[in-house]
Amino acid sequence: MKLTKGKVITTTAILIVLAVVFWWGGNAPGLRGWNPAPSVKNSLNITDKTEILNESNDSVSDTEIPLSAQEKINLAKKLAGSDASLGVEKGDASYSQSKGMKIDAATGKDKFLTDPVPEGKPIPIEAQDALITDTIRTCTLSVRCYTILNNLKWLDREKVELVPKDGVIFASKKVSFYEGESVFNVLQREMKKAKIHMEFSNTPMFNSAYIEGINNLYEFDCGELSGWMYKVNDWFPNYGCSRYQLNQDDIIEWVYTCDLGIDVGGFSAIGG
């Protein structure tokens with residue numbers, strides 16, 4: 001009798017571990033049909049991509065119940081804790097206020113619903129308050145969508161030819177900007193110069209520009225949790241790109257996430 005109970009407990013524990021590994025390992029539900037998709041190696045060429053997209057999803061078991069977007073967010077928060085690899089950094093209200101960020105005591109956020117920034121990070125600067133001078137500075141810019149290569153079954157079929165073989169849309173390059181300009185200013189100018197499509201919208205609630213698509217790859221094209229995110233000097237700001245005022249030698253990276261920022265290390269930024 002004791003032996004049987006022990007086996008039951010062991011089996012249950014193994015099943016729980018396997019379930020967590022499955023969901024946390026990248027098999028999140030996609031936008032269209034919520035079909036869990038296996039990962040695909042980065043070495044795939046365009047022909048391979050097309051073949052994979054044409055494969056049937058009939059092999060997916062009907063018993064596999066996908067998590068909803070909100071359930072995935074809750075699970076991510078629970079598992080993240082203070083793990084820096086998930087981009088989770090707690091904001092510091094006293095530091096942010098000392099730098100000029102006005103935080104509402106009732107909400108713990110500023111008037112544009114932005115949380116305090118971590119100590120040592122720059123606070124948001126509103127575009128209407130920015131003083132742009134004639135002084136020329138330089139920074140580094142890149143745009144990549146490599147995460148799509150691992151999630152091709154989630155990708156809109158019409159968009160597969162738009163994904164570069166190495167996931168690099170705009171290779172890392174030193175570019176110029178005027179003192180006082182934002183991340184948005186630089187992206188908009190450089191994409192236009194490189195003749196790379198870019199579409200954005202202004203969001204008054206957050207007082208910032210929001211990047212909807214680059215190279216005709218849009219939010220939700222590769223799953224319900226997909227879209228464009230940016231980081232500067234390896235930090236994902238929790239506020240919009242037109243509120244991030246650049247400094248000399250900043251390193252700007254635009255990356256496409258298929259998993260709410262978890263797959264690129266920027267989970268915490270979704271809060272802003």
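Since every read-out is calculated from the coordinates, none of them should be taken as a lab result. As the structure is a prediction and not an experimental result, all values here were calculated from the model. Virtual Cβ from ideal backbone geometry, glycine too; neighbours counted across all protein chains shown.
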### Summary
Proxy exposure order for Asp166, Asp104, Asp92 (fewest C-beta within 10 Å first) is Asp104, Asp166, Asp92
### Segment Asp249-Ser94, extension gain: residue separation times 0.36 nm, minus the distance between their alpha carbons
53.1 nm
### Task
Measure off 7 Å from each Cα along the Cα-to-Cβ vector at Lys111 and Tyr178, then give the distance between these two points in nanometres to one decimal.
2.6 nm
#### Entry: Cβ-placed point charges (K, R +1; D, E -1), dipole of segment 182-247 about Cα centre in debye, nearest 20
400 debye
### Summary
Residues whose built amide H sits under 5 Å from the amide H of Asn238, excluding neighbours closer than 5 in sequence, are none
### Message
I need the chymotrypsin sites (Phe, Trp or Tyr not before Pro) found in segment 101-205, filtered to DSSP loop residues with at most 16 other beta carbons within 10 Å of theirs.
### Response
none
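Assuming 0.36 nm per residue, please report the length gained on full extension of the stretch Ile132 to Asn202 beyond their Cα-Cα distance.
Gain in length upon complete extension: 23.2 nm.
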### Task
Take Arg144, Arg243 and order them by how many other Cβ atoms sit within 10 Å, fewest up front.
Arg144, Arg243
### Task
Evaluate E = 1/(1 + (r/R0)^6) for Glu161 and Lys193, where r is the Cβ-Cβ distance and R0 equals 22 Å; express this FRET efficiency to the nearest 0.05.
0.40
